[in-house]
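Asks: Sharing a structure here in structure tokens format.
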Amino acid sequence: MSATPGSSPGRPATTVGGPHAWPVWPWVQLGKRARITLTSPGSPPDGLGRDLVSELFALGLQVRDEGPGDGGVTLELALKGRARFLVGQVDLGSKRGLQAIARGMAYALDHMVLDRARRATEGMAARTTGPGSRLEPERPEMVSMPLALVQADLEGVADRVRDGAHVVLINEAGERLAVLVAWGWYARQEQRLAAAQTAYWRAWRSGSFDTTGYAAGLLASGMHPAGPPEPTTHAGAAPLKGTGDRDDVD
């Protein structure tokens, strides 16, 4: 399916996904009337939400391209209108942008299946070993505490933070002011951010942006919230391909 012409050149674009915590995170800028659709054989196209588009694009850049799928039913992505697929200030163009979204979607579908299987396994293990058994460590404890209470028991709060709790400080109006985290946890986040920014500038070293090298750098930095994705051929998910108006969008 080919994409139809988009909005006029002077039409303002709408930012999707909003600014992220560091300046080189991938994001998608769609024109006011632009949309990205997913089509399966025999079904009308479905539009993807704008926030979802940016998240799939960012995820897809972190997934290795394993080539064509296993020849099953093909789902097709298409861009209608104008869009920019940005890494920092670099526009990868609609062709590579849609390919990244397709990889992100296939990865997400694969891991949705794996997550359901993992949850089923956990349920069986819980029934076998009894309540209280866990196969994975718990997420960090999030605690909200008034400033006055924190000031009254600073050492106690510090102990909870050192043990891994994230303490949210709130004022008398109930507004969240700050979060107390352990120094080791904070240092790891700064290390990951620095590694991701290093990957961005290393990708520019030859004078042209190295998308594959940048993706590998993001994987090494651990910026993906679940850690570096394992190499996958997207087994069990229908192969996806992307199409667009053209390779570059103004």
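Every number in this text was worked out from the coordinates using simple rules, so none of it is lab data. Note that the structure is predicted; figures quoted are calculated from it, not measured. Note that we place each Cβ from the backbone using ideal geometry, even for glycine, and neighbour counts take in every protein chain shown.
Asks: I need the calculated FRET efficiency for the pair Arg33 and Asp210, taking r as the beta carbon distance and R₀ as 22 Å, to the nearest 0.05.
Replies: Details: r = 33 Å, r/R0 = 1.50.
Computed FRET efficiency for Arg33 and Asp210: 0.10.
Asks: Around Gly184, under 12 Å between beta carbons, what's the net of Lys plus Arg minus Asp minus Glu among the other residues?
Replies: 0
Asks: Give me the distance in nm between label points sitting 7 Å out from Cα along the Cα-to-Cβ direction at Thr198 and Asp159, one decimal.
Replies: Placing both labels 7 Å beyond Cα along the Cβ direction yields 3.8 nm.
Asks: Under 12 Å from the Cβ of Trp27, count the other residues' Cβ atoms, weight Lys and Arg +1, Asp and Glu -1, and hand me the total.
Replies: Net charge in that neighbourhood comes out at -1.
Asks: Would you please put 165-178, 44-57 in order of how densely packed they are, using the mean number of other Cβ atoms within 10 angstrom per residue and starting with the highest? Mind dumping the intermediate values first?
Replies: Details: 165-178: 12.1, 44-57: 17.4.
Going from most to least packed, we get 44-57, 165-178.
Asks: Students often get this wrong: which residues of region 168-189 have the backbone nitrogen under 13 Å from the point 7 angstrom along Cα-to-C-beta of Glu141?
Replies: Only 168 pass the distance filter.
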